[in-house]
Amino acid sequence: SFDIGCRSRGLDEVPGALQYSIPTRPISKLVERIDEAEKKLENNAHLVVVGGGAAGIELAMCMRGRWGPKLGENLRVTILNASEDLFSAESAVCRAALENVLRDRNIEVKHECTVREVTSSEIIFDDGGSMEYTHCLWATGATAHSLSERMKARGIAVSDKGWIRVNAYLQSKSHSNVFAAGDCCTIEGLSKGKVSPPKAGVYAVRSGPVLVRNLVTNMLSKDMIKFQPQDDFLKLLACGDGKALGFRFGIPIEGKWVFELKDHIDQMFMNLFKEEYLPKVDEVDDGVSEFDAQGDIDEITLSPTETATLLLRKDDDVDYLDAWHCIRAMSKDDSYRMDVLEKIKGKLANVK
């Protein structure tokens, strides 16, 4: 089974990027590189983050939170975004919330810019413009791992973009005894004609239990199950100051409780790697619920109006578990979700 991840787009191709920037991949080296850069901080710093996706935005805010107390107004943070908007697929109200969060933290965003070259002190754009910097974080999107070309040469089915081609069982299109999951693959033959999901951690995480089960059942000549990626998911961005911003169902959620929720979900995932939770070969069944962060939920106790009020709160007194319960209930009950969203729209309209 392959789970080799991916590379940061442009890191090897853009002159100077690999030499002068701090890449987010491999993630195991990121904190170490930031620690080394921090030791050399002077009185002024201009941190430029290349990449306007979730990783780049979150890193920009977290670096503001980390270096801001040391440098104060002498720290400038800029995000370079290749497209016209940040999170262009999200609703207008979500994008507005993100703009406000970045503005409140004095983070600049430069849109529609592509990096042509990185020197020791300047980032040069395709249009001929440039920007001076002291530190550069390379947080661009995903491109295929170089290993995929060698795999292709040995007969493994690989797409034109270098992704390992697998079916809905995460099984290689060319070799029935080869599997792949996570960022390194592209999934073909999903139900209802769905295209392969974007390269996001949530899809890699959720494909894991399916991969484990199918590896075992394939060896035992039993029926495998299909991976069914969700259409939407809870997006959570740490703001670097003990708060977080989230998007779900086209609405923004923000505050200390959102960060607590993010931390809780992350801890739940990491706990799955403890020995007592690891699956045993002789105990594989037809389900994957034991690995699912959603799990079962209790009966809905809050009315749609109460839930709408709760999710729009930004104060520190919100119980994140109460809010999470409501979000999960909305994901499982279409009627309840629509009622809550209608109430939220009304409240947001009144704010305007």
Open item on the list: Students often check this: by mean Cβ neighbours within 10 Å, which of 114-122, 38-46 ranks highest, and how do the rest follow?
Closed with: 114-122, 38-46
Task: Unsatisfied cross-links (Cα-Cα over 31 Å) in the set 70/256; 40/152; 70/343 - done: 40/152; 70/343
Task: Percent of Cα pairs exceeding the 19 Å cut-off, where the set is the stretch 132-198 - done: 38 percent
Open item on the list: I want to check the label-to-label distance for residue 28 and residue 176. Put each point 7 Å from Cα in the C-beta direction and report it in nm to one decimal.
Closed with: 3.4 nm
- [ ] Run the accessible area of the chain with a 1.4 Å probe and give the carbon-and-sulfur part as a rounded percent.
- [x] 48 percent
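What number comes out for accessible area per residue over the stretch 76-128 if the probe is 1.4 Å? Units Å², please.
Details: 2790 Å² over 53 residues.
Normalised by residue count, the accessible surface of the stretch 76-128 is 53 Å².
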TODO: Any chance you could get the radius of gyration and Dmax over the Cα atoms of the chain, in Å?
DONE: 22.0, 64
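Tell me the mean residue ellipticity at 222 nm calculated for the chain from its helices only (DSSP H runs of n ≥ 4, each -39500 (n - 2.57), averaged over every residue, nearest 500).
Values: 10 runs with 129 residues, N = 352.
Taken over the chain, the calculation gives -11500 deg cm²/dmol.
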TODO: Report Rg (one decimal) and Dmax (nearest whole number) for the stretch 91-219, counting Cα atoms only, units Å.
DONE: 20.0, 57
TODO: Determine the shape class of the stretch 75-124: with a ≥ b ≥ c the square roots of the Cα gyration tensor eigenvalues, call it rounded for a/c under 1.5, and otherwise prolate if a/b is greater than b/c, oblate otherwise.
DONE: oblate
Task: Isotropic mean projected area of the C-alpha convex hull, the stretch 1-155 (nm²) - done: 10.9 nm²
Task: Extension gain from residue 274 to residue 91, taking 0.36 nm per residue of separation minus the Cα-Cα distance - done: 62.1 nm
Task: Charge dipole (the chain, unit charges on Cβ, about Cα centre) - positive-most of 258, 62, 44 - done: 44
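Using unit Cβ charges (K, R positive; D, E negative) and no other charged atoms, how large, in debye to the nearest 20, is the dipole of the stretch 1-102 about its Cα centre? Walk me through the intermediate numbers first.
Numbers: 12 positive and 14 negative charges, 53 e Å.
The dipole magnitude comes to about 260 debye.
Once the Cβ-Cβ distance between residue 112 and residue 134 is put in as r, and R0 is 30 Å, what FRET efficiency do you end up with, to the nearest 0.05? All intermediate terms of the calculation are to be shown ahead of the outcome.
Details: r = 24 Å, r/R0 = 0.79.
Efficiency, from the Cβ-Cβ distance: 0.80.
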TODO: At q = 0.14, 0.20, 0.27 Å⁻¹, work out log10 I(q)/I(0) for the stretch 1-70 with the Debye formula, treating every Cα as an identical point scatterer and leaving solvent out; two decimals please.
DONE: -0.49, -0.98, -1.52
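If packing is taken as the average count of other Cβ atoms within 10 Å, what order do 336-346, 81-91, 190-200 fall into, highest mean first? Don't jump to the answer; show the numbers that get you there.
Working: 336-346: 17.3, 81-91: 15.1, 190-200: 13.2.
Packing proxy ranking, top to bottom: 336-346, 81-91, 190-200.
The values are calculated or read from the model by the stated rules, or taken from the named source; none is laboratory data. All figures in this text were calculated on a predicted structure; none of them were measured in a lab. Backbone-built Cβ (ideal geometry, glycine too); neighbour counts: all protein chains shown. When the accessible area is computed, the model is the full protein with side chains, heavy atoms only, and any ligands, DNA or RNA have been set aside. Shrake-Rupley method; radii C 1.70, N 1.55, O 1.52, S 1.80 Å.
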